[in-house]
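Okay, so here's the structure we're looking at.
The values are calculated or read from the model by the stated rules, or taken from the named source; none is laboratory data. Given the structure is predicted, the values throughout are model-derived calculations rather than measurements. We place every Cβ from the backbone using ideal geometry, glycine too, and count neighbours over all the protein chains shown. When the accessible area is computed, the model is the full protein with side chains, heavy atoms only, and any ligands, DNA or RNA have been set aside. Shrake-Rupley method; radii C 1.70, N 1.55, O 1.52, S 1.80 Å.
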Amino acid sequence: MNTLDIIVPVYNEEDCLDEIVSRLDKVRNNLSDRLDVSFLFVNDGSKDSSFDILKRFSEENSYVKVINFSRNFGHQIAVTAGIENSNADYIAIIDADLQDPPELIVDMYNKSLEGFDIVYGKRKKRQNETAFKKVTAFGFYRVLNGLCNLEIPADTGDFRLITKKVADVLKSMPEHNRFIRGMVPWVGFKSAPIEFDRDERFAGETHYPLKAMLKLAGNGIFSFSLKPLQAIYYLSLFMFLFAIAALIRLNMLTFAIFFAASVQLLGLGFAGSYIGRIYDEAKHRPLYIIKDKYNI
Ligand code: UDP
Ligand code: MG
């Protein structure tokens, strides 16, 4: 029988874990005649009792696997560790907070049988998320697609099902600044969306404050596009036009000086973003450190 691993990154989700396991259990039963389903929780350095709860689950059921990180490495890295430690024929990735409905995994699997190697969840509407998050997310996916020569589906998180073929390619991509929802389409293969309404968090609070969102957005843009770097040429041309205008009208001079300085700093910032990423890669550090594994 084919196998399916459901990967769940976990950071301080003690109040969600009972619920997600019981809902994933239903999915598992639903698929039991067709798939051998396991859950693979990656505890990303939780500071609450998440790990103890997960460990207990793994002792009670051999199909609950747990990877325990040595510290918090971040959501994208946790998902990566799940993929790298799975050998299953199918892998599903889902958040622990039940914003992504687990039941959809069954639909994703059925859809994949029509010949798709990637079936991703596409968000129809975001309930109870702040207007700010909705607007920034909307803008971000559109800017990203404008900048990258890559079709990154809009309104899509990491909630998806992939086949082993896709997972094997992802395992060969060791980049440190990871943006999985961009890496998966980069791999290619046939993909299909399944639409769903994103629920509210079951409990707890988001771990993606503005700072984490900006970091992820930066990875999306700077890891997939050289356009910001190339834009510096256009900015310099623009500056040159300003210089000529300043020659003609002297009182523009002060403005032109400040403007020139800001454009130069912008260019330096773009260049710095790439150099920082080169530095990260050059260190060749492991992506994550596993303290212990259960049932793996
Ligand atoms: N998460 C993680 N490591 C982190 C932050 C988050 O493993 O450093 C997990 C978290 O437990 C959840 C998923 O990643 O399962 C998505 O996080 P969250 O729900 O906070 O993000 P949001 O849905 O608000 O974008
Ligand atoms: Mg969430």
The stretch 1-12, residues that are open to solvent by 10 Å² or more (accessible area, probe 1.4 Å) and either touching a residue at least 60 places away in the same chain (Cβ under 8 Å) or in contact with a helix residue (DSSP H, G or I) (Cβ under 8 Å, 6 or more places away or on another chain) (or both) | N2, T3, P9, Y11, N12
Quick check: anything in the stretch 205-224 within 30 Å of D168 (Cβ to Cβ), in a helix (DSSP H, G or I) and among the polar types (S, T, N, Q)?
-> yes
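Here is a list: D107, D100, D89, D117. Which entry is of a type outside the set (S, T, N, Q) and modelled with pLDDT under 95? Steps first, please.
On the way: D107 fails: modelled with pLDDT under 95; D89 fails: modelled with pLDDT under 95; D117 fails: modelled with pLDDT under 95.
Being of a type outside the set (S, T, N, Q) and modelled with pLDDT under 95 holds for just one of D107, D100, D89, D117, which is D100.
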From the options K111, K65, K125, residue that is of a type in the set (K, R) and within 30 Å of D292 (Cα to Cα) = K65
Whichever residue in the stretch 87-103 is crowded, with 23+ Cβ neighbours inside 10 Å and small (G, A, S) and, among such residues, is farthest from I296 (Cα to Cα) = A96
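Could you list, in sequence order, the residues of the stretch 46-66 that are touching a Phe, Trp or Tyr at 6+ places or on another chain (Cβ under 7 Å), outside any helix (DSSP H, G or I) and within 12 Å of ligand 1 (Cβ to nearest atom)? Before the answer, list the steps.
Of the residues in the stretch 46-66, the ones touching a Phe, Trp or Tyr at 6+ places or on another chain (Cβ under 7 Å) are 46, 54-55, 58, 63-66.
With the extra rule that they be outside any helix (DSSP H, G or I), the set shrinks to 46, 63-66.
S46 - this is the single residue of the stretch 46-66 that is touching a Phe, Trp or Tyr at 6+ places or on another chain (Cβ under 7 Å), outside any helix (DSSP H, G or I) and within 12 Å of ligand 1 (Cβ to nearest atom).
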Picking from E281, E200, the residue that is modelled with pLDDT of 85 or more and within 19 Å of the chain's Cα centre (by Cα) would be E281
Taking the stretch 72-98 and keeping only residues that are in a helix (DSSP H, G or I) and within 16 Å of ligand 2 (Cβ to nearest atom), one is left with H75, Q76, A78, V79
Of residues in the stretch 25-55 being within 16 Å of ligand 2 (Cβ to nearest atom) and within 14 Å of A92 (Cβ to Cβ), the one surrounded by the most Cβ atoms within 10 Å (Cβ to Cβ) | F41
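Residue under question is A92, and the condition is that it be within 12 Å of ligand 1 (Cβ to nearest atom) and of a type in the set (G, A, S); does it hold? Reasoning before the result, please.
On the way: within 12 Å of ligand 1 (Cβ to nearest atom): no; of a type in the set (G, A, S): yes.
No; evaluated as a whole, the condition is false for this residue.
Table: residues versus (1) within 16 Å of ligand 1 (Cβ to nearest atom); (2) among the hydroxyl-bearing types (S, T, Y); (3) within 30 Å of D18 (Cα to Cα).
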{"residue": "I180", "(1), (2), (3)": "yes, no, yes"}
{"residue": "A203", "(1), (2), (3)": "yes, no, yes"}
{"residue": "H207", "(1), (2), (3)": "yes, no, yes"}
{"residue": "K215", "(1), (2), (3)": "yes, no, no"}
{"residue": "L229", "(1), (2), (3)": "no, no, no"}
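For V106, state whether it is touching a strand residue (DSSP E or B) at 6+ places or on another chain (Cβ under 9 Å), part of a helix (DSSP H, G or I) and open to solvent by less than 60 Å² (accessible area, probe 1.4 Å).
Details: touching a strand residue (DSSP E or B) at 6+ places or on another chain (Cβ under 9 Å): no; part of a helix (DSSP H, G or I): yes; open to solvent by less than 60 Å² (accessible area, probe 1.4 Å): yes.
Against the criterion (touching a strand residue (DSSP E or B) at 6+ places or on another chain (Cβ under 9 Å), part of a helix (DSSP H, G or I) and open to solvent by less than 60 Å² (accessible area, probe 1.4 Å)), V106 does not qualify.
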Checking Q230 against (1) over 17 Å from the mean Cα position of the chain (by Cα); (2) open to solvent by less than 20 Å² (accessible area, probe 1.4 Å); (3) away from ligand 2 (no atom under 16 Å from the Cβ), which single condition isn't satisfied?
-> (2)
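Would you list the helices (runs of 4 or more DSSP H) that sit entirely within the stretch 114-203 and hold 2 or more residues that are in contact with a strand residue (DSSP E or B) (Cβ under 7 Å, 6 or more places away or on another chain) and crowded, with 18+ Cβ neighbours inside 10 Å?
Numbers: elements: 131-147, 164-171, 180-187.
The helices (runs of 4 or more DSSP H) meeting that bar are 164-171, 180-187.
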